[in-house]
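Data first, discussion second: the structure below is written as structure tokens.
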Amino acid sequence: MRTAQSNIWLLALICTMVSCKKAIEDYPQERLEEEEIFDPRDSVGTNSRQFLMNVYAYLPNHFTGVGENALQDAATDDAVYRYPAGTVETFVNGRWTSWNMPDDVWSRYYVGIRRANLFLSKVDIVPLKTAGQKDQWKAEARFCRALFYFELVRRWGGVPLLGNEVLTLEGNVDFTRNTFDQCIQYIVSECDAVKDVLLRENVIADGDWGRVTRTGALALKARALLYAASPLNNAGNDVTKWQAAAQAAKDIIDLNYHALATNFSTLFTTRRDKEIILNYQANTSSTLETNYGPIGYSGASAGSGLMNPTQNLVEAFPMKNGKAITESGSGYDPQAPYTNRDPRLAATVLYNTLGWLNRPVELYDGGRDYAGTQTGYYMRKFLGAFTTSTAYAATNHNAMIFRYAEVLLNYAEALCEANTLVPEEAYKALELIRQRAGLSPYTITRGLSQAAFRTLVRNERRVELAFEGHRFWDIRRWKIGAEVLNKTLLRGVAVTKTGTTYTYDAQRPVLTTSTWEDKLYRYPIPVAEIEKSKLLLQNTGW
């Protein structure tokens, strides 16, 4: 909210500097902008459409370098950041305050909400000729607004719901916080209201890909209900909340449109696929490769190796025969640790001897890529197909907001928690994911206890959705922060090479370790927001 107001004053200052004082005196600069954007003579709606696209720009984007992706992944047991000092270290070790919040997106999402509200309040002025287009645009703005609220709610719990109010400089800013349940109800009701107005998945044109469709609204609803049913937000374990979450996921499955991609490895560099429900399409570039790739290359292909997966994550991937590496009969060999593993491991993590830029990655002590990682690994997921290439090239990159695999995982988890005896549908949902992964056999033994299936689905979620912005929030909604981040030693792998033989030690301690306090289940509200509103109460512990 403060950002929007600051921008208005900045705009006014710029206009004064370029001698447009007369316009400032006649009308507020923002009013002039609104009249140009929402023009009663614009039957095509060029400017108003662009304004809507600018609302989309506030969607979550996990490809922000040292931003959301690095912060959240490094604050789990899945990865550490290459450079332990600074902002990431502050976040990882929970040394947040209401004055210093590294992942402070409060203003970002409230600015997005304000822009969506402004669009909804003004777009009726525009005389669009295309039938139904205005209703569709309104539905898209309402979806974006609902998603912005979800991003706020999963960080802070209940937040102020503004309805359709467009905040102004002179307006009231004394808002009370709505409850968590009220916020979830609002998000769900907005999704229900717009789902039948949004674009259909099977008819959306390539030029419109990246805009929200019907299943985008259904996916947001399913995720919101899953969070509402989870232990953090469902202290009494109300089973009806799990049932609602399961049904919301099933509504997407029953459309019979979305399906898992054939190739997991290329999904994240493919613009359009039936698995993708909504993604943030980053510019075609090699920025991710240079940020996250190995360091032992030169020129334009030199990487920074910013994200280092842990041995803990690597061990979560099963063998190709579907068995956990600790399970009897798995065939796991600690001195050939990457042989016959789940193919998703090589698509997610760069490990010693894996091919990259036309040579094996050298992660042994003294190898060319060794010094750039704290754990003996680099992140592979999202990067382009550069196994045999000699240099990076501009590549499509997709930050997944919703994809069908998550829907199946949500469905399996909700069914498990809603039923003491795990239903057949829960097994089948997981088996679809394991089959696509290339596990053989991919089938799961029936008759697992609820606790055993819970462990299985949580691990499947961890490996399938690694680095997609889920693990951080799953730890919180499952209320396992103390167990995972205080009691688990983060480890890497130490590799030595003697002649042509490699020796692996999976007990390499990682220097940066996470610290957990229960107050970290919720973010502190920024002190600037507390100071603006006398009615805005701070979260517990902050």
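Could you please give the count of residues in region 86-106 that are surrounded by fewer than 17 Cβ atoms within 10 Å (Cβ to Cβ) and either more than 30 Å from L489 (Cβ to Cβ) or over 24 Å from the mean Cα position of the chain (by Cα) (or both)?
Adding up the residues that qualify gives 1.
This table checks each residue for (1) β-branched (V, I, T); (2) out of contact with any helix residue (DSSP H, G or I) (no Cβ under 8 Å at 6 or more places or on another chain); (3) closer than 26 Å to V484 by Cα; (4) crowded, with 18+ Cβ neighbours inside 10 Å.
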position	(1), (2), (3), (4)
Y411	no, no, yes, yes
A414	no, no, yes, yes
V422	yes, no, yes, yes
S440	no, yes, no, no
T443	yes, no, no, no
G447	no, yes, no, no
E460	no, no, yes, yes
V463	yes, no, yes, yes
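Could you check, for region 294-316, whether at least one of its residues is assigned to a loop (DSSP other than H, G, I, E, B), among the hydrophobic types (A, V, I, L, M, F, W, C) and free of Cβ contacts under 8 Å to residues at least 40 places away in the same chain?
Checked against the condition, which is being assigned to a loop (DSSP other than H, G, I, E, B), among the hydrophobic types (A, V, I, L, M, F, W, C) and free of Cβ contacts under 8 Å to residues at least 40 places away in the same chain, region 294-316 yields at least one hit.
From I433, I444, grab the single residue that is farther than 20 Å from M379 by Cα, hydrophobic (A, V, I, L, M, F, W, C), assigned to a loop (DSSP other than H, G, I, E, B) and touching an Asp or Glu at 6+ places or on another chain (Cβ under 9 Å).
Answer to the selection: I444.
Here's a check for you: in region 483-495, which residue that is of a type outside the set (K, R) and surrounded by fewer than 13 Cβ atoms within 10 Å (Cβ to Cβ) is nearest to Y351 (Cα to Cα)?
Of all residues in region 483-495, those of a type outside the set (K, R) come to 483-486, 488-490, 492-495.
If we keep only those that are surrounded by fewer than 13 Cβ atoms within 10 Å (Cβ to Cβ) too, we end up with 483, 486, 489.
Working: E483: 27, N486: 26, L489: 20 Å.
The extreme case among them is L489.
If L432 satisfies every condition in (1) surrounded by fewer than 23 Cβ atoms within 10 Å (Cβ to Cβ); (2) farther than 30 Å from E151 by Cβ but one, which is the exception?
If we test L432 against (1) surrounded by fewer than 23 Cβ atoms within 10 Å (Cβ to Cβ); (2) farther than 30 Å from E151 by Cβ, just (2) comes out false.
Would you be able to say whether some residue in region 492-501 is within 26 Å of the chain's Cα centre (by Cα) and under 30 Å from L152 (Cα atoms)?
No, every residue in region 492-501 fails to be within 26 Å of the chain's Cα centre (by Cα) and under 30 Å from L152 (Cα atoms).
So, in region 31-82, of the ones that are at pLDDT 90 or above and of a type in the set (D, E), which residue ends up surrounded by the most Cβ atoms within 10 Å (Cβ to Cβ)?
That would be D78.
So in region 347-365, with the set limited to residues that are part of a strand (DSSP E or B) and touching a residue at least 24 places away in the same chain (Cβ under 8 Å), which one is surrounded by the fewest Cβ atoms within 10 Å (Cβ to Cβ)? Walk me through how you get there before you give the answer.
Of the residues in region 347-365, the ones part of a strand (DSSP E or B) are 349-350, 355-356, 359-360.
Imposing the further condition that a residue be touching a residue at least 24 places away in the same chain (Cβ under 8 Å) reduces the set to 349-350, 355-356.
Details: V349: 27, L350: 25, G355: 13, W356: 25.
Per the criteria, the residue is G355.
The values are calculated or read from the model by the stated rules, or taken from the named source; none is laboratory data. Predicted model, so just to flag it, every value in this text is computed and none were measured. When we count neighbours, we look across all protein chains shown, and the Cβ atoms used for this are built from the backbone with ideal geometry, even at glycine.
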